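Following: one structure in structure tokens, then a few remarks.
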Amino acid sequence: MDLGLQRVRAVYEGMTPLSCPVITVGGTNGKGSTSAILESFYRAAGYRTGAYFSPHLIRYNERVRVNAEEVTDEALCQAFAAVEEARDATPLTYFEFGTLAALWLFAQTGVEVAILEVGLGGRLDAVNIVDADVAVVVSVGTDHKDWLGPDRETIGREKAGIFRAGRPAIIGFDVSESVAREAHRMNARAVIARRDFHYEESPWAWRFLSAARAWDLPYPALRGRYQLANASCALAAAEALPGLTLTAQDVRAGLQAVRLAGRFQTLPGPGPRVVLDVAHNAEAAHTLALTLNEQRVAGRTLAVVGMFKDKPIIEVFEALRGSFDGWFLASLDDPRGADAVFLEAALRTAGVTPDGLYDDPVEAYTAALGCARDDDRVVVFGSFKTVGAILALMQDRRGGGGGGRVV
């Protein structure tokens, strides 16, 4: 990792630039869901979309979608070759290389709107080489302190670096005050949750409200009440983007069609309910705890968890210690991965005794399923790598392959 824009911007200036409207989405949590919801809105309206996500769960193709479909290996290789030619001797990081490849693909395929998820922070993230027509900061938490700063105020300023003077800056429901201050300092057009837009819930539907409209809408296909805040940010961004029209029917269809793996994703099939969630920081853990409490099951809830060592593991466990009846801890085979013994020490510090320690997420998941009854629930969480291992297992059992569809 090497935060900064000078090198990646220099290479981008020698490549085919994007010529369509761009929405950039940042935040500690919720930026992937918000990006996917925006993508789904514009697809429902018939626009040709490009969406860039990170990280991936199983295969790299997940990061780059055109018309809501993963691009093919062949298309990615063409894009990588274009970046390689353009960069000459300029060094690029993994994320910078991938970002440039995605932007090249979107330009080559003529997308009508591009949705770019920020990888880390905002001000110095590679996607910030593009001047967004609308920028969104969904939330601000305290992840990545080593890179972004010691507290929410400092981190908020970094995330607000995707705003541009004179252009809409959507500020979400769970942000630090520094985000609005930075928008004001930059002369961005701040659109602030609870002041300029908000939402109301009911058991069967929800309502989005702004100065322009009040829409009664179905719940998003992405599960969890917290998705209403993400959907509201997406709607505020779409409302602020000039030139591309969305009807209420487009929005309703987009909410019902949106898909993004690993966000309180429930796997189909008989037996114990299996939920996959990429929650890996304290704020996401609190949200996961609330969602588990809202969506109870008759039996027990069992945790399968694998995490990276640089995450606030004890804080995550403390947030979730009352949510689980059993804990199955998995080592992650990664330079940043925590082993199960490390997780056990953190879990005991949080006041909980684990049920078992395992060499990898699949082994821990298999053990949890083996002792689960049909009315129990198994929740896999802690990192993209942990959730990705179980998704890959499910894909192998179905006989699925890799790669995306033709653009």
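How would you order 240-246, 385-391, 89-95, 200-206 from highest to lowest mean count of nearby Cβ atoms within 10 Å?
385-391, 240-246, 89-95, 200-206
For the pair residue 394 and residue 59, how long in nm is the line joining their label points, each one 7 Å along Cα→Cβ?
Label at residue 394, label at residue 59, 1.7 nm between them.
Using only Cα atoms, what is the ratio of the radius of gyration of segment 26-148 to 2.2 N^0.38 Å?
1.04
Give me the distance in nm between label points sitting 7 Å out from Cα along the Cα-to-Cβ direction at residue 194 and residue 259, one decimal.
3.6 nm
Roughly how compact is segment 180-314, stated as its Cα Rg over 2.2 N^0.38 Å to two decimals?
Relative to the 2.2 N^0.38 Å estimate, segment 180-314 comes out at 1.25.
Relative to the present Cα-Cα distance, how much length would full extension add between residue 290 and residue 207 at 0.36 nm per residue of separation?
Working it through step by step, the gained length comes to 27.8 nm.
Given labels modelled 7 Å from the Cα in the Cβ direction, how far is it in nm from residue 341 to residue 300?
Between residue 341 and residue 300, the simple spin-label model gives 2.6 nm.
What's the long-distance tail for segment 8-84, i.e. % of Cα pairs beyond 17 Å?
Beyond 17 Å sits 54 percent of the P(r) for segment 8-84.
How many percent of the accessible area of the chain is carbon or sulfur, using a 1.4 Å probe?
Carbon with sulfur: 48 percent of the solvent-accessible area.
Only four residue types carry charge here, +1 at the Cβ of Lys and Arg and -1 at the Cβ of Asp and Glu. Report the dipole size of the chain about the Cα centre in Debye, rounded to the nearest 20.
The calculated dipole for the chain is roughly 960 debye.
Just want the answer: with Cβ charges of +1 for Lys and Arg and -1 for Asp and Glu, which residue in 332, 395, 243 is farthest toward the dipole's positive end in the chain?
Working it through, the farthest residue towards the positive pole turns out to be 243.
Sorted by mean Cβ packing within 10 Å, highest first, what order do the peptides 105-115, 77-87 take?
105-115, 77-87
Can you give the log10 of the normalised intensity I(q)/I(0) at q = 0.16, 0.25, 0.29 Å⁻¹, computed with Debye over equal Cα scatterers of segment 161-209?
The Debye formula, applied to the Cα set alone, gives -0.49, -0.87, -1.05.
Send over a whole-number figure in Å² for the accessible area per residue of the chain, probe 1.4 Å.
Roughly 42 Å² per residue, with all protein chains present.
Could you please report the charge total around residue 35, scoring K, R as +1 and D, E as -1 over all other residues with beta-carbon less than 13 angstrom from its beta-carbon?
+3
Roughly how many Å is it from the Cα centre of segment 1-30 to that of segment 327-395, as a whole number?
Centre-to-centre (Cα) distance: 35 Å.
Does anything in segment 292-307 have its amide N under 17 Å from the 7 Å Cα→Cβ label point of residue 375, and if so which residues?
In segment 292-307, the label zone of residue 375 (backbone N under 17 Å from the point 7 Å along Cα→Cβ) covers 295-302.
May I ask you to derive the FRET efficiency for residue 109 and residue 216 from their Cβ-Cβ distance with R0 = 60 Å, giving the value to the nearest 0.05?
Efficiency at R0 = 60 Å is approximately 0.95.
What number do you get for segment 277-407 when its Cα radius of gyration is normalised by 2.2 N^0.38 Å, N = residues?
Rg over 2.2 N^0.38 Å, computed on Cα atoms: 1.05.
Take peptides 13-22, 301-310 and line them up by average Cβ neighbours within 10 Å, highest first, as a rough protection proxy.
Highest to lowest by the protection proxy: 301-310, 13-22.
Based on alpha-carbon centroids, what's the gap between segment 166-215 and segment 76-135 in Å, whole number please?
27 Å
State, as an integer percentage, the relative contact order of the chain based on alpha-carbon contacts under 8 Å between residues 6 or more apart.
After rounding, I find 17 percent.
Using the Kirkwood formula on the Cα atoms of the chain, what hydrodynamic radius do you get, in angstrom to one decimal?
21.7 Å
How high is the relative contact order of segment 1-135, in percent, counting Cα pairs under 8 Å that sit 6 or more residues apart?
Relative CO of segment 1-135 lands at 44 percent.
The values are calculated or read from the model by the stated rules, or taken from the named source; none is laboratory data. Computed from a predicted model, the values in this text were never measured in an experiment. Every residue, glycine among them, receives a Cβ derived from its backbone with ideal geometry; neighbour counts consider all protein chains shown. Side chains included, ligands, DNA and RNA excluded: accessible areas come from the protein's heavy atoms. Shrake-Rupley method; radii C 1.70, N 1.55, O 1.52, S 1.80 Å.
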